[in-house]
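In what follows, a single structure is set out as structure tokens and then discussed.
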Amino acid sequence: MAKRGSKKKSAAESAPKAESAEPKQRGRKSQYDAETKAAILKATADARKAGMSWEDALVAAKASGFKGTLPYLMKMGRDSGAVKIRRNKRGRPAGKAAAKRGPGRPAKTKVRVSGSASLGDIDKIVANMVETRVSAAIHRAVAALERTAAELRKL
């Protein structure tokens, strides 16, 4: 049986390809030549450094020959490194109060944690529980006796 893929390559095919001097163009070719693009990016960077909004930077870039829209100008400025990206830090700033919770969630409350309960405290709790249950049982028994006494009087 013959093995698949066992063909010998010629010397021309096996030799590594020489890379061209220019790097490959990725994506779409820009509609601006290098000088125009540099002028657009300089105008955009200067406008942003002066504290202008992106809309004002778009006006300055259009004066330099820019024909695109604002999102494209923003992308072009960020990708080239002419305009620095300001990103907010994630999370809440230190020392800021906790944000209000959404509907249906109880407010966050601090739970008062006392030290370990002493035996005296436990005895008081148990005594209160026993007293309430015993008194309830006595009240039920007294009510039952009063009902039977009332029935006996009727006879």
**Item:** Criterion violated by Asn88 - all others in (1) modelled with pLDDT under 85; (2) open to solvent by less than 100 Å² (accessible area, probe 1.4 Å); (3) polar (S, T, N, Q) satisfied
**Value:** (2)
**Item:** Counted residues, the stretch 9-52 - those being of a type in the set (D, E, K, R) and modelled with pLDDT under 60
**Value:** 4
**Prompt:** Just a yes or no: is a residue in the stretch 77-85 of a type in the set (D, E, K, R), in a helix (DSSP H, G or I) and modelled with pLDDT under 90?
**Reply:** yes
**Asked** Could you say which residue among Val59, Val111 is of a type in the set (Val, Ile, Thr) and at pLDDT below 90?
**Response** Val111
**Message:** Looking at Ala61 and the list (1) surrounded by 19 or more Cβ atoms within 10 Å (Cβ to Cβ); (2) touching a residue at least 40 places away in the same chain (Cβ under 8 Å), which single condition is not satisfied?
**Reply:** (2)
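Mind listing whichever residues of the stretch 71-85 are among the β-branched types (Val, Ile, Thr) and either loosely packed, with under 12 Cβ neighbours inside 10 Å or farther than 15 Å from Glu55 by Cα (or both)?
Kept after step one, since they are among the β-branched types (Val, Ile, Thr), are these residues of the stretch 71-85: 83, 85.
Residue satisfying the conditions is Ile85 alone.
The values are calculated or read from the model by the stated rules, or taken from the named source; none is laboratory data. Since the model is a prediction, treat every value here as computed from it, not as a measurement. All Cβ positions, glycine included, derive from the backbone under ideal geometry; neighbour counts span all protein chains shown. For accessibility, only protein heavy atoms count, side chains too; no ligands or nucleic acids. Shrake-Rupley method; radii C 1.70, N 1.55, O 1.52, S 1.80 Å.
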